[in-house]
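Enquirer: Quick one: the structure is below, and I'll ask about it shortly.
The values are calculated or read from the model by the stated rules, or taken from the named source; none is laboratory data. Please read all numbers here as calculations on a predicted model, not as lab measurements. In this analysis, Cβ positions are derived from the backbone assuming ideal geometry, glycine residues included, and neighbour counts consider all displayed protein chains. Note: areas computed on protein heavy atoms with side chains; ligands, DNA, RNA excluded. Shrake-Rupley method; radii C 1.70, N 1.55, O 1.52, S 1.80 Å.
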Amino acid sequence: SAGAVPAPAAAMAGVQLLRGAVRALLAGRALPAVPRPCPRRGCGEVAALRAMGFSQEQARRLLALQPRLGPEHREAAAAQLLLLGLSAEAALALLERSPALLRLPEERLRERGEELRRLGLDGGR
């Protein structure tokens, strides 16, 4: 065909394109900004709790409960309480009164939450 580029020229164009892409990557122009690791313990967990609707102060208080537990325990317990319709403040108050809830396995928490919802419990009652 008349407009076809000879194979060596096409290969050379591909190499030049690849070199340009590598230069852009090395210069940081084509890469999204990568978040830096947080220097403090628990800041990723704070972000997760903030995304659930807890304030910075509430997340800090929640982190202080059972500090040796992994973040998945606190997040699972908080999520189940929020699914019951409790506000973040009410969920935090309940966990502060009964921190043993944080040690329950996630499956057990889910079962209890489902049972309470089946019985008609919601945040207003």
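Enquirer: Leu83 - would you say it is open to solvent by 40 Å² or more (accessible area, probe 1.4 Å) and within 20 Å of Ala47 (Cα to Cα)?
Expert: Spelling it out, Leu83 is indeed open to solvent by 40 Å² or more (accessible area, probe 1.4 Å) and within 20 Å of Ala47 (Cα to Cα).
Enquirer: A further question follows. Residues being more than 23 Å from Ala47 (Cα to Cα), in contact (Cβ under 8 Å) with a residue 12 or more places away in the chain and not small (Gly, Ala, Ser): count how many of those fall in region 86-125.
Expert: 5
Enquirer: Please enumerate the residues belonging to region 34-80 that are at pLDDT 85 or above, open to solvent by 70 Å² or more (accessible area, probe 1.4 Å) and not acidic (Asp, Glu).
Expert: Result: Arg50, Ala51, Gln56, Arg60, Arg68.
Enquirer: Report, by residue number, each residue of region 86-101 that is part of a helix (DSSP H, G or I) and either charged (D, E, K, R) or surrounded by fewer than 18 Cβ atoms within 10 Å (Cβ to Cβ) (or both).
Expert: In the first step, residues of region 86-101 are kept if they are part of a helix (DSSP H, G or I); the result is 88-97, 99-101.
Scanning region 86-101 gives Glu89, Ala90, Ala93, Leu94, Glu96, Arg97, Pro99, Ala100.
Enquirer: Suppose we filter region 43-68 for residues that are over 15 Å from the mean Cα position of the chain (by Cα) and part of a loop (DSSP other than H, G, I, E, B); how many remain?
Expert: 5
Enquirer: Here is a further query. Here are some residues: Leu31, Leu121. Which one is out of contact with any helix residue (DSSP H, G or I) (no Cβ under 8 Å at 6 or more places or on another chain), modelled with pLDDT under 85 and open to solvent by 30 Å² or more (accessible area, probe 1.4 Å)?
Expert: Working: Leu31 fails: out of contact with any helix residue (DSSP H, G or I) (no Cβ under 8 Å at 6 or more places or on another chain).
Selected residue: Leu121, the only one of Leu31, Leu121 that is out of contact with any helix residue (DSSP H, G or I) (no Cβ under 8 Å at 6 or more places or on another chain), modelled with pLDDT under 85 and open to solvent by 30 Å² or more (accessible area, probe 1.4 Å).
Enquirer: Here's another thing I want to ask about it. Do we have Ala10 as modelled with pLDDT of 55 or more and assigned to a helix (DSSP H, G or I) here? Break it down into steps so the answer makes sense when it comes.
Expert: Details: modelled with pLDDT of 55 or more: no; assigned to a helix (DSSP H, G or I): yes.
No, not satisfied.
Enquirer: Moving on to the next point. Is it the case that Gly113 is modelled with pLDDT under 90 and open to solvent by 30 Å² or more (accessible area, probe 1.4 Å)?
Expert: No, not satisfied.
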